[in-house]
Structure formats: C-alpha cells, structure tokens
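The values are calculated or read from the model by the stated rules, or taken from the named source; none is laboratory data. Every value quoted in this text rests on a predicted model; they were computed, and no experiment measured them. All Cβ positions, even for glycine, are placed from backbone atoms using ideal geometry, and neighbour counts span all protein chains on display.
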Amino acid sequence: MASQVQIADLVELFESSAEKHAQRDLFWTKEGSDWTGVSYATVKEQADHFRGGLAWLGVKSGDRVAIIANNRVEWAVVAYATLGLGGSLVPMYESQTDKDWAFIVRDSGAKVLIVSSPEIWQQTKDLKDTIDTLRHVVPLAPGTASQWYRGLLSRGISHPVKAVRPGPDAEAFLVYTSGTTGTPKGVVLTHGNVVSNVLSISRSFSIFETDQSLSFLPWAHCFGLTCELQVLIHHGASLALCPSVDRLVDYLGEVRPTILIAVPRVFNRVYAAVLAQMNGRAAPVRELFSRGLRAAVKRRQGKSLGVVETAAFALADRVIFSKIRARLGGRLRYAISGAAALATEVAEFVDGLGIDVYEGYGLTEASPIVSANRPVARRIGSVGRPIHGVRVQIDAGATDDPKRGEIIVYGPNVTRGYHDRAAETEALFTPDGGLRTGDMGYLDGEGYLYIAGRIKEQYKLENGKYVIPSPLEEKLKMSPLISNVMIHGANRPYNVALVVPDVAAVERWVRSEGFWAEPPPDFLCDDRVLGRFQEEIDTLTADFKGYEKIQRFALLEEDFTQQNGMLTPSLKLRRQKVLERWGKKVERLYA
C-alpha cells in the first residue's frame, strides 16, 4: 500500500518529492519523433527561479497568478513557483473564449496572467488596461512583451526567493467551474483540501516511482490537477504529456503507460472501435470474441469457469485481447475513469480485456474525489465507497424518489466556498456543513455509491414522470455510430434525441451494406440510414422504462463542441445552448 506520510501543504509535497527523486524524470515531452525526459531536479530548479521572477514582478503571499495554457512543463513550474510564494493559481483553458478569460481574471483579482502563446498574448495583453488588479501579462513564448517566461527565469536567478510553507489553510487554487448555466464560479481550494485528497487516494492505490501516465486531461480541471499531477508527483512517478488527444491511441503505444487517468469518452471510443472491428471479422472470430469476453467478465467476478469457458478465454486472450492490450501500451495496471458516468457494459469490456478499470466520483468543490473503486473494494456499476476521511449521506428530501436523493459530502477535501459569492456559498452547504453536490444517487447495503444523474438536469414529462437524461445519453454514446447526443422532454409528451452521428462510422456501414460506392452528401437523410439509427437506439435503450425511451430523433450535421459553445471546457453539455441552436428541429420532432 502507498506511503502514509502526512504532508501539510503542496509546497512540501513538491519539494520533498523533488529532493527524493531528483534524478528521475518527472515529465516526458514529444519532440519530433522522440520523447525527451525532464527530471524532478530540473523542474524544481525552474520553479525556484520562476518564483524569484514572480517576486520581482511584485507577487507576494495572498496574491493570485492566472494561467491560460494546456498541460506543459511550464504549467507545473508556474504553479509551484506561485504556491512557493504563498500565492494561489487560477488555471484556465486555452479553449475558453476571450470573454471567459476576461471574466475570470477580473473576478479572481489576479495580479499576473501567464499565457501559452503569442496569439493568446495578443488577445489578452490589453486586459491590464481594464482590470485594476492585473499588472502583467506574461507569454511563455518570446514575443513583443517586455517580460516573458525565460526572462523571468533569469530574473529569479539573480533575485532568488526562498519558498514559504503556506500551511493547510492557505488558498492553493481558485478553480472556476465550467458554467453550464450562468457565469463561472471560482471554487476556493486550500492546500489542506488538495493534500487530503492526494493522501486518501494514495491509501487506495499502490503507486510506485516506476509508474507513468499519459497525461491528456487538462490540469485546469480538478480531476487532472489532483488525481494525476499531484498524486503522481507525490509518489515520484512520471507523466508523458500527450501532444494531441486525436492521436491518443498512437501515443499509448509509444509511451506504454502503467496508469491511464481518463474520462468515459475515451473508454467509450475504445469500446466502439473494437466492436466495429469485430463486426468486420469472420463469424468464428466474432464468436470467439463474444465467448472469450463473457468468460473474462465471469472470471473477473471471481466465478469459476467450466472447461469450455476456460478454453474460450485462453484462446480469445491470446488471439484477440492481448493484441488490444498491446495497442494500448501493454503495461496498464490501472485505468481510472472519472468526471462522468462510465457505462457498466464498457467497464466490463475494458476489465474483460485484462485491464483493471476503476470508476470514481467527485466534483471540483470536493478537490475533487469523493468515492472510488479500488483494488481491494470494487463493484462495477458503482463509483465505489467514499475514500478515507470522507463521509457521504443521501438527502432523500431533495428528490421525489424515495430510494434516491442528493449526495451530501463531509470531509477535509470540501471547499470552504465560492470566491466572492456569499449567497451561493451559503446555498452550497447544509446547516451542519455538508457539501450539497447537486447529484442524485444512493448507497447500497455495503456502502457503495451509485450515481443517478444531476438533479438540475432532471425534468418532468407531461404525464408527470421524471426523467434523468444523462444515463440515456451515456448509453446511446456506446454505439459506434453515435458521437454525441442530447435527450430532451421537459414538459413534453415524450423524449426526443438530437443525435450527432460518427460520420466515418456511418459511411463504413453504408459501404458494407452496398447502398452506394460513395455516400451522397445528404446520406444522413436516407431512410435506410435513419432506420439503422432507430434500430441502434431501440436496442441500446431496451432496458429503460417505457416512458424514458426515445420516441423520435434527428441527426445533426454539427457536433457539440467547445468552439460552438455547446460543451464546457470539461466537456459537459450546455443543454440550453444546444436548444437555442437546434430548437426548431426539436419543435419539428413534436409536430
């Protein structure tokens, strides 16, 4: 089991790990066709120097430094330099809009803004003229700015400043929620909040200095920030920084990570890709895959296999499963899923391949982990038991379902509130200090937590029946033909779906059926294609209640993305934005 060493703050966590693992590589970066390592000692040295550079700019204890950047070595350097001054970091996504950046910088009162590129610098350089607290906008790359990253490193060499120990109660991060409705809110996370989460996760998973992840979840999101960056640094492990999510599978084969921290979308894509590949194989191969997977799931559940099942599993593992594991690097010890619900079928599939998959649950306001499956206590379909030091209660009065209720969280990981939002902070807590998550769930008799969906997303049909759309949506996204989907039915007679097809997958199906040599531009309107989607929807939702099922659907030619405002940077659906864009299409589905 992992070390139980107690740590007061993140500065101590980083510096103690950097000293102990100085010569080991902390980060790996892709340069051309090669991966290059950057040691713990080098990152610490740069953080020391940048701390002096920030101090030279006037940053002191209690100040905030904002950063707009994807995961990179400099992100970590800026973070630990800021924390070492007793300041706090305000992380933002490169994919956010100018309006979002300006709002967060102004709302947080940041003194310095660090940006990743000359392009973003051009978009933000004038903010200091309109935001009173902002003194400097510093690009990581050289440009026309008088002060930039390398220059501040040099300033720090000549003006060294010793790191302070902020202690557990000091603010470490001001993480802004994505804002599916309204404006983003800054969640105050202290050193103690995050450290408690790191130490609790470390009690649940054995992580070694030889472990490595392929890092693609943004550190601007609390899941990546705590569960990957802080946890792996605590154990002296390494992170390979994924240059492009579009080539994630290729990089998995190159890096061969032992730990994969991901969101369900990644596992869903792997699931859909393998099923699509199997559908194109000969009948005996498909039958071997199905028999082998059923035997693997049964074996993983601790059930004994018969002679025929044992033979099917052994052959499928050698001929099929081992090749899939190799494509994913071949060394994965843990595949950890969070940030949204992972379908049971997908979890059993990944697990059946011989990759241990562990689903957890959390939210930014809990730093973020509340519960997690773990090697000694795992139940697929649940999000595990509460982690060490965290307690969960279910408030059945928050819903109309007597078996389920709002998940209330107690523990040292719970935020002290939202920045400058007194009324919303008060509403966030129960009278006895419990964190109201806004999520609906229930605990079984053995303490495993199950998530039903967001309370605010629950709606009522005309017949008075309540529907939570997210489980339906996650189920439909398991289809290799469906890239994205939104279910709607509030105050309507039935549910409808706006479906974003995976056009490449649909084209492959069209060709396999021999409809056309090349699909025409409007092939998504073809009755045969629509019929195929109807079959897929009916099959995937067969186990849902009658009133929950999809009565009509429409195929969209435009995906839900951050660029068109329909997804948040953490890939949550902005339902109102989708309805604003496709409202007329929805009305036609009810006509």
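Here are the numbers for the structure shown:
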{"item": "Residue ID - farthest from residue 583 (Cα to Cα), chosen from residues in the range 510-563 that are basic (Lys, Arg) and either surrounded by 11 or more Cβ atoms within 10 Å (Cβ to Cβ) or touching a Leu at 6+ places or on another chain (Cβ under 7 Å) (or both)", "result": "511"}
{"item": "Residue in the range 139-162 that is surrounded by fewer than 22 Cβ atoms within 10 Å (Cβ to Cβ), on the phi > 0 side of the Ramachandran plot and not acidic (Asp, Glu) present", "result": "no"}
{"item": "Qualifying residue in the range 251-258 (condition: among the small types (Gly, Ala, Ser) and either more than 20 Å from the chain's Cα centre (by Cα) or outside any loop (DSSP other than H, G, I, E, B) (or both))", "result": "yes"}
{"item": "Residues that are acidic (Asp, Glu), in contact with a helix residue (DSSP H, G or I) (Cβ under 9 Å, 6 or more places away or on another chain) and free of Cβ contacts under 8 Å to residues at least 60 places away in the same chain, drawn from the range 1-44", "result": "19"}
{"item": "Test: residue in the range 49-65 that is in the same structural domain as residue 231 (by TED's automatic domain parsing), in a strand (DSSP E or B) and either crowded, with 19+ Cβ neighbours inside 10 Å or not basic (Lys, Arg) (or both)", "result": "yes"}
{"item": "Residue among 249, 270 that is in the same structural domain as residue 216 (by TED's automatic domain parsing) and within 30 Å of residue 236 (Cα to Cα)", "result": "249"}
{"item": "Enumeration of residues in the range 198-238 that are more than 16 Å from the chain's Cα centre (by Cα) and not in a loop (DSSP other than H, G, I, E, B)", "result": "198, 199, 200, 201, 202, 203, 204, 212, 232, 233, 234, 238"}
{"item": "Residue 298, sole failed condition from (1) out of contact with any Leu (no Cβ under 7 Å at 6 or more places or on another chain); (2) without any contact (Cβ under 8 Å) to a residue 12 or more places away in the chain; (3) assigned to a helix (DSSP H, G or I)", "result": "(1)"}
{"item": "Some residue of the range 278-297 being outside the structural domain of residue 25 (by TED's automatic domain parsing), out of contact with any strand residue (DSSP E or B) (no Cβ under 7 Å at 6 or more places or on another chain) and among the β-branched types (Val, Ile, Thr)", "result": "yes"}
{"item": "Any hit, the range 273-289, residues being farther than 17 Å from residue 479 by Cα, within 32 Å of the chain's Cα centre (by Cα) and at pLDDT 85 or above", "result": "yes"}
{"item": "Flag if residue 490 is hydrophobic (A, V, I, L, M, F, W, C) and either part of a loop (DSSP other than H, G, I, E, B) or touching a Pro at 6+ places or on another chain (Cβ under 8 Å) (or both)", "result": "yes"}
{"item": "Residue under evaluation residue 281, criteria (1) outside any helix (DSSP H, G or I); (2) of a type outside the set (Ser, Thr, Tyr); (3) farther than 30 Å from residue 309 by Cβ, criterion not met", "result": "(3)"}
{"item": "From the options 214, 248, 260, residue that is modelled with pLDDT under 95, over 19 Å from residue 13 (Cβ atoms), touching a helix residue (DSSP H, G or I) at 6+ places or on another chain (Cβ under 9 Å) and crowded, with 22+ Cβ neighbours inside 10 Å", "result": "260"}
{"item": "Residue 544 being within 30 Å of residue 175 (Cα to Cα), aromatic (Phe, Trp, Tyr) and assigned to a loop (DSSP other than H, G, I, E, B)", "result": "no"}
{"item": "Subset of the range 373-412 that is in a strand (DSSP E or B) and in contact with a helix residue (DSSP H, G or I) (Cβ under 6 Å, 6 or more places away or on another chain) - its residue that is nearest to residue 466 (Cα to Cα)", "result": "405"}
{"item": "Pair list, Cβ < 7 Å and 6+ apart or interchain, from the range 565-578 residues that are outside the structural domain of residue 101 (by TED's automatic domain parsing) to residues that are among the aromatic types (Phe, Trp, Tyr)", "result": "566/560; 567/560; 569/93; 573/560; 578/560"}
{"item": "Criterion: part of a loop (DSSP other than H, G, I, E, B), of a type outside the set (Val, Ile, Thr), under 30 Å from residue 234 (Cα atoms) and outside the structural domain of residue 566 (by TED's automatic domain parsing) - qualifying residue of 151, 86", "result": "86"}
{"item": "Test: residue in the range 554-564 that is at pLDDT 90 or above and outside any loop (DSSP other than H, G, I, E, B)", "result": "yes"}
{"item": "From the options 97, 82, residue that is of a type in the set (Val, Ile, Thr), closer than 19 Å to residue 218 by Cβ and at pLDDT below 95", "result": "97"}
{"item": "Residue 539 touching a Lys or Arg at 6+ places or on another chain (Cβ under 7 Å) and β-branched (Val, Ile, Thr)", "result": "no"}
{"item": "Any hit, the range 422-432, residues being crowded, with 16+ Cβ neighbours inside 10 Å, charged (D, E, K, R), in contact (Cβ under 8 Å) with a residue 24 or more places away in the chain and closer than 26 Å to residue 192 by Cβ", "result": "no"}
{"item": "Pick from the range 321-346, criterion in contact with a Leu (Cβ under 7 Å, 6 or more places away or on another chain) and not in a strand (DSSP E or B), ranking: surrounded by the fewest Cβ atoms within 10 Å (Cβ to Cβ)", "result": "325"}
{"item": "Filter result for residue 372 (without any contact (Cβ under 8 Å) to a residue 12 or more places away in the chain and of a type in the set (A, V, I, L, M))", "result": "no"}
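Yes/no matrix, rows are residues, columns are (1) at pLDDT below 95; (2) surrounded by 22 or more Cβ atoms within 10 Å (Cβ to Cβ):
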residue: 354; (1), (2): yes, no
residue: 379; (1), (2): yes, no
residue: 398; (1), (2): yes, no
residue: 406; (1), (2): yes, no
residue: 409; (1), (2): no, yes
residue: 417; (1), (2): no, no
residue: 458; (1), (2): yes, no
